[in-house]
Protein chains: 6
Amino acid sequence: VSDRQSSISFSSAEEKLYSAVLADILDDLGFRHQALEPTIRPIGSPFKLVGRAFTILATDVYETPENPYVTELEAVDHLSEGDVVVATTNGSTSSALWGELLSTAARSKGARGAVIDGLTRDSIKIMEMGFPVFTRGFSPLDSKGRMDVISYGVPTRCGGVLVRPGDIVFGDHDGVVVIPRDVSDEALLRAVDKASGEDEMRRALKQGMGVMEAYNKYGIL
Amino acid sequence: VSDRQSSISFSSAEEKLYSAVLADILDDLGFRHQALEPTIRPIGSPFKLVGRAFTILATDVYETPENPYVTELEAVDHLSEGDVVVATTNGSTSSALWGELLSTAARSKGARGAVIDGLTRDSIKIMEMGFPVFTRGFSPLDSKGRMDVISYGVPTRCGGVLVRPGDIVFGDHDGVVVIPRDVSDEALLRAVDKASGEDEMRRALKQGMGVMEAYNKYGIL
Amino acid sequence: VSDRQSSISFSSAEEKLYSAVLADILDDLGFRHQALEPTIRPIGSPFKLVGRAFTILATDVYETPENPYVTELEAVDHLSEGDVVVATTNGSTSSALWGELLSTAARSKGARGAVIDGLTRDSIKIMEMGFPVFTRGFSPLDSKGRMDVISYGVPTRCGGVLVRPGDIVFGDHDGVVVIPRDVSDEALLRAVDKASGEDEMRRALKQGMGVMEAYNKYGIL
Amino acid sequence: VSDRQSSISFSSAEEKLYSAVLADILDDLGFRHQALEPTIRPIGSPFKLVGRAFTILATDVYETPENPYVTELEAVDHLSEGDVVVATTNGSTSSALWGELLSTAARSKGARGAVIDGLTRDSIKIMEMGFPVFTRGFSPLDSKGRMDVISYGVPTRCGGVLVRPGDIVFGDHDGVVVIPRDVSDEALLRAVDKASGEDEMRRALKQGMGVMEAYNKYGIL
Amino acid sequence: VSDRQSSISFSSAEEKLYSAVLADILDDLGFRHQALEPTIRPIGSPFKLVGRAFTILATDVYETPENPYVTELEAVDHLSEGDVVVATTNGSTSSALWGELLSTAARSKGARGAVIDGLTRDSIKIMEMGFPVFTRGFSPLDSKGRMDVISYGVPTRCGGVLVRPGDIVFGDHDGVVVIPRDVSDEALLRAVDKASGEDEMRRALKQGMGVMEAYNKYGIL
Amino acid sequence: VSDRQSSISFSSAEEKLYSAVLADILDDLGFRHQALEPTIRPIGSPFKLVGRAFTILATDVYETPENPYVTELEAVDHLSEGDVVVATTNGSTSSALWGELLSTAARSKGARGAVIDGLTRDSIKIMEMGFPVFTRGFSPLDSKGRMDVISYGVPTRCGGVLVRPGDIVFGDHDGVVVIPRDVSDEALLRAVDKASGEDEMRRALKQGMGVMEAYNKYGIL
């Protein structure tokens, strides 16, 4: 089906997994710098977001171009089922790159959410429509004449992590993890395994087992 | 009525407008630096706040003055119907400039809310009383011997934006916009117009119209 | 009983006090730098946390030690009834020092909560279990090979404040206050007194008394 | 002659003026935000730099383009007599935008110096050739695959100040001032006047006149 | 003589001491937070500066007062032999609080130098006159309408350290140390002792003695 | 000879190479994150420093240990001919990790210099003895009771770059580059080649060749 990028569907991954267990598996696989900076936070009530990275690269500008928004709109029109917008602003807080109309357009193309290394506006409306967005913060300012999308579908760095088109993005209340496309199948499957293994240890701890004894027995923390 | 500062009442503006549309109109009018820094955030459940700026200027000090709070109390006692306290601490995080007792006093004078370029305390009580406050964060520390109000009713810079007494302040979950008093009538009226125009585009996007086509047709984003 | 460290029990202090009134009393006693930096925030719904500081000192490392977690687990196994974990990471945002399994283990030992001068993971599960945690933010990354606990039960600096084992920690939505153990009895008792005294002034303000008149009459703000 | 942009030649301005007196005159003319951020510092032995702003806008990228450097080289080839390169990197410290070969090329086109809102490399060689450069710092890293020049000859913001092509740039050990082109003639002439007026006051102060008396007499500080 | 504040004259202290040995002695005396933040740096060629703190407290303002500079000039006119200006701007980088004319005026009153927790202008002229100044950086902008001195001769916090009038200030290339007035005699005398004791260890190390052996033998590092 | 770690001696590398050309070669070899953060700067007159990394890992502590300095002294006593101390403080600015006595001891063991991801004291004496040190800044404060060396000879992260014992460190006025030990031979040899190739292009540029033409002809920038 359309949301299958790997051995488990995105919906199934959202249900069974969480970012911490994925980060642990990526550590095991030798990928130790896959979590976006902690200043990129989810908007509104807790949610999970998983999908295929569709990258957008923006930068600050200081005059309104002849055709504002043109590359950004083109990018959004290229989104497809299962995509997650991963937009880099090169650290700009000059204005909001993302907003409600773009969320509406993205969702209508099948995008599952957005991760913005910058600011967002129309935050209440985005929460109301239930579109999952991670952002560094909020601004009422439009990007027109302040920021320009210069390319999309290219390798980019978002929140300190290199993201290539097709990498899998997984976000929840703890943050956002980027799973390199070449190991996404293996990582997702192993994460499902590990997630189910933690329950027994939790039970033992609740019954008063010392945490060192528990770690020695179950080998996880 | 007492809350009419411009062609539409503050209550009506709170109902019909939001900060993003006001920021767009201010852009159109050539005022492009009117949004406070995104680190100044609303406390508690989403709300809107609009009113006339009543400015307060505070700074860090390092000993308790003979008459602590004197200028701050004087300022609060000068608040009147429709005012919004806009307090600048020159970036201090040494202590909380604002709190519950000042909120109570300000409200009893008719103030509609407060925007604090610094820290706030008694945050739970402020939320319980439903007094709208924007702040950079929280601190349990009293300002006595740490901060002094040195003047009020003067031009000041709050969150990076010049605010003059009488400017209109509009805040919601996206942030705070300052509308210079000379253009506040025009800005508020034009914003009401623009706000109503966005609904049609939203509908078209939800029905799957490409976002570039929509932008070309409706001319907004 | 086990949660009595001072003249009033921790539960009673949680009920009657709040961080701002404690900070005021500490000011009166000459302890003016007892509030942690405002970037250390509570997780989830508002709560109060009070208990005896059990300090943990961690630092960034760059390879996985032979016996990962060993000192951290040892520390958690030494927690006892009424303790609050106060963990310093020396400002690290490299990974999450704290998480759900440690929260579960800490609670089973009688710990009342945790104050982490660093990042936390499993945040949703921690909120669900209702374990009070203050943190600088969130990360899905495990501390293994990124951070090591190097000692516990030692004087440490957390969020800019010196904390010694046995100091009393009080946290709520305004932040966290550290009460030096030698004055904790006196401070808690005086804070209870002051807290009850503020109600009258609040009533007067609501009835429209000028704030300067109220301050002159009641002597508090 | 080629270095005459205004009523006094650039060489003459370098000789007679300094940034502080120009900033004072711009204040008098109502231009109060014309000094670049103080983190942009001159390289090497003290010098003065004055010339016509030739703006370059760069941004971070994350893969090497097919034709690296192409817009940057094009920009440098368009420099002419009396120009000062004013390059904005949107705050990037990813690599060095400027270096010795570009300095050599710029000088051969007649450029008088460069102001880089980013990092520089080959710093020793640039000092040896005596080419005046202001920079935020140094890096050995090439910009190839890390930064791209996206346009030149456009309005840009450098070190927090809007710079338009043709504005006059004046830099010395105190920092860099941008003189809007429309007032550059007036500003330079008035600055020459003010500079000569300060000598008398300096003499009086050295002879022990109180500084308040001196200020009242000479009206300057 | 006029520069004797303590058992040794300021000139003699400048000759025999350095900031590191004073910091060590203050550590021994239990004063462990007496060094200004490392971002406050000396201007120009290496020098030492010692004298009695004369404190000035300034803050950002946003309009030009009726009588600009008035408190600042009054402060400078109150300087006397052996003073060091210690000026706090509450972290402002809005403009230069200090400059050449104030340096000239301060020196003519007998001041030995200045420590500015803010920016300075006329830096070249200050270096030429050989007036010792520590500063956070440089700006060509005048403080008029940007910063106001609000008091002097009061306790203040400069670079993170509480400074009271009459404390002794000692600065060199490693930074600035504040010696509380009550222990200044003892601290200066003990520092002279320690400084002379380090020579022997240095000789031993140069001759190849292991550093641990040397530390065990001489007890210093 | 003792300073030969690779195909060219350290002295020869210091003479023929500079950090920018090494960074370019490392880019070509696919190592693109090998330059320390630009806030780590050389002390005093320009120098070059090359040698084998000897890593030290320190962290902030908040009480004086029973045996202060013990691991640090042990580390310094283990230095040998050709080593460069590369010390990580995990970003601490609490005190100076490095100083003159340690420089003296390190040199007597054959160390060629030090790179400190933290602060340094005795800076004038270190400059006088001509020992090459890179540092984030200066502090008069001793590390005793403020910082502890917790290990040495381990992989560490210094200024954002992973450094393993035996990697080659090359520093000059542009910054510090870390050459992974496995490619150090190849990198140094290729860098010598590239360095000699740049002269021709420089000559062409000085003679007025357009910089784009030059780049197309020589393929370097």
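The values are calculated or read from the model by the stated rules, or taken from the named source; none is laboratory data. Just so we're clear, the structure is a prediction, and the values are computed from it rather than from any experiment. For neighbour counting, all protein chains shown are included, and Cβ atoms are generated from backbone atoms with ideal geometry for every residue, glycine included. These area figures cover heavy atoms from the full protein model, side chains too; ligands, DNA and RNA do not enter into them. Shrake-Rupley method; radii C 1.70, N 1.55, O 1.52, S 1.80 Å.
Being acidic (D, E), open to solvent by 10 Å² or more (accessible area, probe 1.4 Å) and modelled with pLDDT of 95 or more holds for only one residue in C:E63, C:E81, and it is C:E81. Among residues of the range B:208-219 that are within 11 Å of A:V76 (Cβ to Cβ), those with a beta-carbon under 7 Å from a residue that is assigned to a loop (DSSP other than H, G, I, E, B) at least six positions away or on a different chain give the pairs B:Y215/A:Y69; B:Y215/B:L221. Each residue in the range F:82-95 was checked for being touching a Leu at 6+ places or on another chain (Cβ under 8 Å) and more than 16 Å from F:G159 (Cα to Cα), and 2 of them qualify. Does C:L101 satisfy the condition of being among the aliphatic types (A, V, I, L, M) and modelled with pLDDT under 95? Judged against the criteria, C:L101 is a match. Confirm whether D:G166 is in contact (Cβ under 8 Å) with a residue 60 or more places away in the chain and surrounded by fewer than 18 Cβ atoms within 10 Å (Cβ to Cβ). Yes. Considering (1) of a type outside the set (D, E); (2) over 18 Å from the mean Cα position of the chain (by Cα); (3) open to solvent by 50 Å² or more (accessible area, probe 1.4 Å), the lone condition that F:Y69 does not fulfil carries the number (3).
Beta carbons closer than 6 Å, at least 6 apart along the sequence or on distinct chains, pair a first residue in the range B:134-150 that is closer than 17 Å to C:R41 by Cβ with a second that is open to solvent by 30 Å² or more (accessible area, probe 1.4 Å) and assigned to a loop (DSSP other than H, G, I, E, B) for B:R136/B:T39; B:G137/C:P38; B:F138/C:P38; B:S139/C:P38.
Residues in the range C:12-42 that are open to solvent by less than 10 Å² (accessible area, probe 1.4 Å) and either free of Cβ contacts under 8 Å to residues at least 12 places away in the same chain or in contact with a strand residue (DSSP E or B) (Cβ under 8 Å, 6 or more places away or on another chain) (or both): C:A13, C:L17, C:S19, C:A20, C:L22, C:A23, C:L26, C:I40. Applying the criterion of being open to solvent by 40 Å² or more (accessible area, probe 1.4 Å) and either part of a loop (DSSP other than H, G, I, E, B) or of a type in the set (D, E, K, R) (or both) to the residues of the range E:177-191, the residue that is nearest to F:S95 (Cα to Cα) is E:R190. Can you find a residue in the range A:92-99 that is at negative phi, among the hydroxyl-bearing types (S, T, Y) and free of Cβ contacts under 8 Å to residues at least 40 places away in the same chain? No, every residue in the range A:92-99 fails to be at negative phi, among the hydroxyl-bearing types (S, T, Y) and free of Cβ contacts under 8 Å to residues at least 40 places away in the same chain.
From the list E:V76, E:V86, the one residue that fits, being hydrophobic (A, V, I, L, M, F, W, C) and either open to solvent by 10 Å² or more (accessible area, probe 1.4 Å) or in contact with a strand residue (DSSP E or B) (Cβ under 6 Å, 6 or more places away or on another chain) (or both), is E:V86.
What strands (runs of 3 or more DSSP E), lying completely within the range D:57-176, carry at least 2 residues that are within 14 Å of chain A (Cβ to nearest Cβ)?
Numbers: elements: D:83-88, D:96-98, D:113-117, D:133-135, D:147-152, D:156-158, D:161-163, D:168-172.
Because the criterion is at least 2 residues that are within 14 Å of chain A (Cβ to nearest Cβ), the strands (runs of 3 or more DSSP E) in the range D:57-176 that meet it are D:83-88, D:147-152, D:156-158, D:161-163.
Only residues that are in a strand (DSSP E or B) and closer than 19 Å to A:L141 by Cα were counted in the range B:21-56, giving 5. Criterion applied to A:K206, A:K194 was being open to solvent by 80 Å² or more (accessible area, probe 1.4 Å) and charged (D, E, K, R), and the one residue passing it is A:K206. Taking the range D:189-221 as the range and being in contact with a Phe, Trp or Tyr (Cβ under 8 Å, 6 or more places away or on another chain), among the small types (G, A, S) and at pLDDT below 85 as the test, the residues that pass are D:G197, D:A204.
Residue-wise test of (1) of a type outside the set (D, E, K, R); (2) more than 14 Å from E:I56 (Cβ to Cβ).
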site	(1), (2)
E:T89	yes, no
E:T104	yes, yes
E:V115	yes, no
E:I126	yes, yes
E:R136	no, yes
E:P140	yes, yes
E:V161	yes, yes
E:E198	no, yes
